[in-house]
Amino acid sequence: MIFLVLNYFFVSAQKVSATSKPKLVVGIVVDQMRNDYIYRYWNRYGNGGFKRLIAEGYHFKNAHYNYVPTYTGPGHCSIYTGATPRAHGIIGNDWFVKTNATTTYCVLDTNEQTVGSLSKNGKMSPKNQLSSTIGDELKMNSNQRSKVFSVALKDRSAVLPAGHAANGAFWFDDASADFISSTWYMKELPNWLKLFNEKKFAKTYIEEGWHTLYPMETYTNSLPDDNRYEGAPGKEKPVFPYDYKTQLAKNNWGIIKSMPAGNSLTNDVAIACLLNENLGKGDETDMLCISFSSTDYVGHYFGTRAIETEDVYLRLDKDLEELLNTLDKELGKNNYTVFLTADHGGADVPNHLLDYKIPAGYIKEKQIVKEVRNFFKTNYGDTLLLANMSNEQLFLNEQKIESLKFNKVELEERLCAFLTTLPGIAEAYPSSVLKNMAYDKNDFRALLQNGYNHKLSGNIAIIYQPGWMDHSNKGTTHGAAYNYDTHVPIIFYGNGVKKGENFNYVTITQIAPTICELLRINQPNSTVGEPLNNYFK
Ligand SMILES: [Zn+2]
């Protein structure tokens, strides 16, 4: 009898391990990472970071954002909800609030207080995030036994991945150089984070400055160090080395965001969280969300082809190696699952494109606003019919349109026709088109619709011509429906994933349902993505 019981347990234990779930899911978002950065820097990466994820994991090489605008807030929210702004409500980083004609920030919550600093930088929460996240479903499924934590330099990049029910989200406070949180999650920082903050690692990193990882002449994938496409924070010329001691003297802690060390600091706090919160050591699957924001700041300042950009990726590769090695050591090699993606891509610097005779240009939202006001004055005798322009959308003063008895549908259509006469504007659509029509998934109008929230979005959405942007003539930005902003890597690695790659068109909203199917839990409540798990069988 004893023998039989033992035997029974032996068999069932084997069964469990054969179908076992990961002990920990690690979500990694690299801010502003285009998929081509995998290829461009391939020969320069070590074997333990990006190369390891791709060599042993599954790389979706033709993965895209399926909505606009391609910004950080919507990006992080869509990755973890499997939904688009249409449902999850994060329609930009900031947006115009129609009901009271003010502007709000995606994770701002004035009802919450900062935890861990005297600054106001912790008055944040996911209250504007209308969909459940992977972490939320994990918490519900385990009756709170799963632990969910999130870390990033940017507040929105920590808050939106964490979701509503997380144990904690921690982000960098420019005012104190500490990682902080919000009363949404906790009353006090955990002890390990207090100790981490006391060490003031940010100061040490800033003191070290920024030198290239390898000799300058080896950066042949990139443009020469001094070129007219790049701007540099706190410096006249965008050239190495970057000595930030003067910034330190001014207590400008935020400068670390624009250095590769900002990613290393994020990695440090992520590893401290992993170890001290004992993630992956309980009976239920835990989750750690990490967003590396420095790549975005560097991209904005220096563009997509700078030595600085190459260097920030080569150094991130080292951070990833350290993270994966730590996960191996703590949890065992096949006991955790990682996904790596980006919140958006990044455009080539328009002036650089023009030097290659490729059409591109600079457009100013302020100038469009001026032109639209003139249009309204000439045709409707009123400049105040435009309430706001933001995130490539125009918000009209609906009350005024009604009180002056203008035909709204006709007015919107006339304005769209006018907008497309302006330089740099390719297409303009009224809300009736965005609300009521159906388009093929690759049609720009489908991307606009997926980004269009019927309650929150504006009256008219516009699309700039390819290569055009509202940005200074140094560095670059993102936000468009074009390939350079939508095409990002999606890589799965570890428990439940097999090695492979493909070129099928897949979307960012497929990550969340895939992870949930791996964990055999409910998919987030408004996901529109199909799980990718068939590729792993
Ligand atoms: Zn950005």
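Some points to look at:
- Cross-link pairs Lys147/Lys329; Lys21/Lys499; Lys127/Lys364; Lys194/Lys281; Lys61/Lys281 - those with Cα-Cα distance over 27 Å: Lys127/Lys364; Lys61/Lys281
- Along the chain, the longest continuous region that contains none of the GluC sites (Glu not before Pro) in a DSSP loop with at most 11 other C-beta atoms within 10 Å is 237-537.
- Ordering His344, Tyr493, Ala438 by Cα displacement along the dipole of the chain toward the positive end leaves Ala438 in first place; charges were set at the Cβ atoms of Lys, Arg (+1) and Asp, Glu (-1).
- Listed by chain and number, the aspartates and glutamates whose C-alpha is less than 14 Å from the C-alpha of Lys537, apart from same-chain residues fewer than 8 away, are Glu501, Glu517.
- With Cα atoms defining each centre, the range 18-38 and the range 384-413 are spaced 43 Å apart in the structure.
- Trypsin sites (Lys or Arg not before Pro) within the range 355-403, DSSP loop, no more than 16 other Cβ atoms inside 10 Å: Lys357, Lys364
- Dividing the helix sum by the residues of the chain, where each DSSP H run of 4 or more adds -39500 (n - 2.57), gives a mean residue ellipticity at 222 nm of -10500 deg cm²/dmol.
- For Ala249, the shell of other residues with beta-carbons less than 13 Å away shows a net charge of +1, using +1 for Lys and Arg and -1 for Asp and Glu.
- Computed over neighbours whose Cβ is under 15 Å from that of Lys377, the net charge equals +2, Lys and Arg +1, Asp and Glu -1.
- DSSP beta bridge pairing in the chain, given as percent antiparallel to the nearest 5: 50 percent
- The range 489-526 and the range 58-123 have Cα centres separated by 22 Å.
- Computed from backbone phi, the HN-Hα couplings of the range 344-357 come to 4, x, x, 7, 5, 4, x, 4, 5, 4, 4, 5, 9, 6 Hz, rounded to whole numbers (Karplus: 6.51 cos²θ - 1.76 cosθ + 1.60, θ = phi - 60°; Gly and Pro given as x).
- Look at where the Cα atoms of the range 344-379 and of the range 131-175 average out, and the two centres are 37 Å apart.
- A convex hull fitted around the alpha carbon atoms of the chain yields 164 Å³ per residue.
- Using a probe of 1.4 Å, the accessible surface attributed to His487 totals some 40 Å² when neighbouring protein chains are kept in position.
- DSSP-loop chymotrypsin sites (Phe, Trp or Tyr not before Pro) across the range 447-508, with at most 13 other Cβ within 10 angstrom: Phe503, Tyr505
- Spread of Cα-to-Cα distances over 10 Å intervals beginning at zero, given as percent, for the range 60-120: 19, 40, 30, 9, 2
- Taken per residue, the accessible surface of the chain reaches 41 Å², heavy atoms only and a 1.4 Å probe.
- Gain upon complete extension [Val97, Lys364; 0.36 nm per residue less C-alpha separation]: 94.0 nm
- Amide hydrogen proximity for Ser132: with H placed 1.01 Å from N in the peptide plane, the residues at 5 or more positions away or on another chain lying under 5 Å are Asn525, Ser526.
- For the range 212-264, the set of trypsin sites (Lys or Arg not before Pro) satisfying both a DSSP loop assignment and a count of at most 13 other C-beta atoms within 10 Å is given as Arg228, Lys250.
- Residue-count net charge about Leu386 - beta-carbon cut-off 11 Å; Lys, Arg +1, Asp, Glu -1: +2
The values are calculated or read from the model by the stated rules, or taken from the named source; none is laboratory data. What you see is a predicted model, and the numbers here were worked out from it, not measured in a lab. Cβ coordinates were reconstructed from backbone atoms using ideal geometry, including for glycine residues, and neighbour counts include every protein chain displayed. These area figures cover heavy atoms from the full protein model, side chains too; ligands, DNA and RNA do not enter into them. Shrake-Rupley method; radii C 1.70, N 1.55, O 1.52, S 1.80 Å.
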